[in-house]
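The values are calculated or read from the model by the stated rules, or taken from the named source; none is laboratory data. Please read all numbers here as calculations on a predicted model, not as lab measurements. Each accessible area value is taken on the protein alone, full model and side chains, heavy atoms only, with ligands, DNA and RNA left out. Shrake-Rupley method; radii C 1.70, N 1.55, O 1.52, S 1.80 Å.
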Amino acid sequence: MAQKYPFSIWVYNPITDFTPDELELWAECGMTTPLSPQMVYGKDDPSLLLPWLDKAESLGMKLIVNYSGLSYGDVARYGAEEVERRLREVYEVLKGHPALYGFFAGDEPSGKENLAATLEVFRIHKKVAPELNPYVNFIGYMPEISDEELGGKTLEEWLKYAVDETGVSFASQDLYGSTINQVCLRGDILSLRNIVGAADKAGLNIWANTLCSAHYAYRAPNYHGILWQITVPAACGCKGNIWFRFYDRSLGHEYHSSPVDEYGYKTETFYSILRAQKRFSDQYGELIMTLKRKSSYLLGDNIKDVFPEFHEGDHELVTVAATWDDILVSFFEDKDGNEYFCAVNAMIDIHGSFRLNYDKEKCSVYEVLFNGKTENYMPPSNDSIPLYQGQMRMFRIERK
């Protein structure tokens, strides 16, 4: 079975709020690898999760178990030996279940002590359950954290150490700026460039921790804002998305517009995520998991000095030029050396378009749809190719 681009959610409700049938709602929205509802070590018996894992397996989903007491914060508070003992106790109940993806290991570590504890919690989780995937979400300014906080290492060196010494395979990073205003789009793309660039060299997959729950300065994204938070990270090399958060709660009134409100009703956000994830999955979600990003460019006047501008000659065969506002272009390669590139409208409120030209004596270009099941020949032309806000289009280069 082809690997699919993973979609996940944060669920802060206690597990006793739901039955395992709640997974059907998450599956309807397109989630593949969600966090479980919250459980508390010493209070909730891990066997409560077994029917959840069974239900997830029946729906083709995997669960990241959100069991408090097993995180980097607990390493800092109680020590590595205690966290290892707790994890072994929980793991013995759940191990071997095919729907178990991994355990939540912490959110937004910062400061020298917590970042050192993060490396330790990765080591503990991979020691106890080497087949699973411990999950830590990095804070949005992780690429700007000082070498001193990282124990004298650069971010790339720190991530590589984490991979080489513990075997950790993925992490996510906050990416919330796009829900503030258009000015903040640049900051999100810059953060993506830096974290994915460092993680690529370290051999770590990065998921975008994206925002669908409005609060403080963060507004509720519409469909185009939701789509942007999928396509732009994917074009920058991310290998998954996790949404903050799925449920509004009666406490915390400044939070609103989550996919499900505090009364249990589906909101507009639910259907925007459903449509955006389904469209992305149907068109590119399997293909993009087989591709490695080689380079990225930004075309246009609004978002500058993040990726380089694309100039004629940057690719030996293909030229891409923006005709209307900002376009993100990324080139990829599959394991057999086949070349692909995508174009994404990097603006949320403005329609975009681009021109595609190439030497037809040396290659042909095909637009790729339905994960490669359909390809349409794209002749070289000065005609504009449209992109609505947040839209991605994918192409394959066939050399002659």
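Can you give the Kirkwood hydrodynamic radius of the range 131-265 from its Cα pairs, in Å with one decimal?
Result for the range 131-265, one decimal place: 15.8 Å.
If you split all Cα-Cα distances of the range 201-280 into 10 Å bins from zero, what percentages do you get per bin, shortest first?
Binned Cα distances yield the sequence 19, 48, 25, 8, 1.
Counting only protein heavy atoms, what percent of the accessible surface of the range 194-348 is carbon or sulfur at a 1.4 Å probe? Can you show the working numbers first?
On the way: 2820 of 6090 Å².
Carbon with sulfur: 46 percent of the solvent-accessible area.
Taking just the C-alpha trace of the range 1-96, give me its Rg and Dmax in Å.
Expressed in Å, the Cα Rg and Dmax of the range 1-96 come to 14.1, 42.
In whole percent, and with a 1.4 Å probe on the protein chains, what portion of the accessible area of the range 1-46 is carbon and sulfur?
49
Please say if the range 211-339 is rounded, prolate or oblate, where rounded means a/c under 1.5 for a ≥ b ≥ c the square roots of the C-alpha gyration tensor eigenvalues, and otherwise the choice is prolate for a/b larger than b/c and oblate otherwise?
Working: a/c = 3.09, a/b = 1.94, b/c = 1.59.
Taking the square roots of the gyration eigenvalues as a ≥ b ≥ c, the range 211-339 is prolate.
Calculate, for the chain, the solvent-accessible area per residue in square angstrom, rolling a 1.4 angstrom probe over the heavy atoms of the protein chains.
Numbers: 16640 Å² over 400 residues.
Computed with neighbouring chains in place, this is 42 Å² per residue.
State the percent of C-alpha pairs, over all pairs in the range 11-64, separated by a distance greater than 14 angstrom.
More than 14 Å apart: 48 percent of the Cα pairs in the range 11-64.
Can you put Ser110, Ser58, Ser213 in order of accessible area, largest first, using a 1.4 Å probe?
Details: Ser110 40, Ser58 85, Ser213 0 Å².
Order by accessible area, largest first: Ser58, Ser110, Ser213.
Compute the separation of the alpha-carbon centres of the range 89-139 and the range 1-61 and state it in Å as a whole number.
For the range 89-139 versus the range 1-61, the Cα centre distance is 17 Å.
Nearest 5 is fine: what % of DSSP beta bridges in the chain come out antiparallel, could you say?
Around 60 percent of the beta bridges assigned by DSSP in the chain are antiparallel ones.
Might you work out the accessible area of Trp324 for me, using a 1.4 Å probe with all protein chains in place, and round it to the nearest 10 Å²?
Roll a 1.4 Å probe over it and Trp324 shows about 140 Å².
By the gyration tensor of its Cα atoms, with a ≥ b ≥ c the square roots of the eigenvalues, what is the shape of the range 283-386: rounded for a/c under 1.5, prolate for a/b over b/c, or oblate? Before the final figure, lay out each step's value.
Details: a/c = 1.43, a/b = 1.28, b/c = 1.12.
Rounded.
Taking a 1.4 Å probe, which of Thr323, Thr19, Thr166 shows the most accessible area, and what order do the others take after it?
Highest to lowest solvent-accessible surface, that is Thr19, Thr323, Thr166.
For a 19 Å ceiling on Cα separation, which of these pairs sit above it: Lys278/Lys373; Lys62/Lys95; Lys160/Lys335?
Working: Lys278/Lys373 16 Å; Lys62/Lys95 13 Å; Lys160/Lys335 22 Å.
Violating the 19 Å limit, Cα to Cα: Lys160/Lys335.
Averaging the inverse of every distinct alpha carbon separation and then flipping it gives the Kirkwood radius. What is it for the range 264-309, in angstrom units?
Result for the range 264-309 stands at 13.7 Å.
Name the residue, out of Pro233, Pro308, Pro259, whose mean-square fluctuation peaks in a Gaussian network model built on the chain with Cα pairs under 10 Å.
Pro308
So in the range 185-274, what percent of DSSP beta bridges are antiparallel if you round to the nearest 5?
On the way: 3 of 8 bridges.
If I count the DSSP bridges inside the range 185-274, around 40 percent turn out antiparallel.
If ligands, DNA and RNA are left out, what is the accessible area of His224 with a 1.4 Å probe, given in Å² to the nearest 10?
For His224, solvent-accessible area is about 50 Å².
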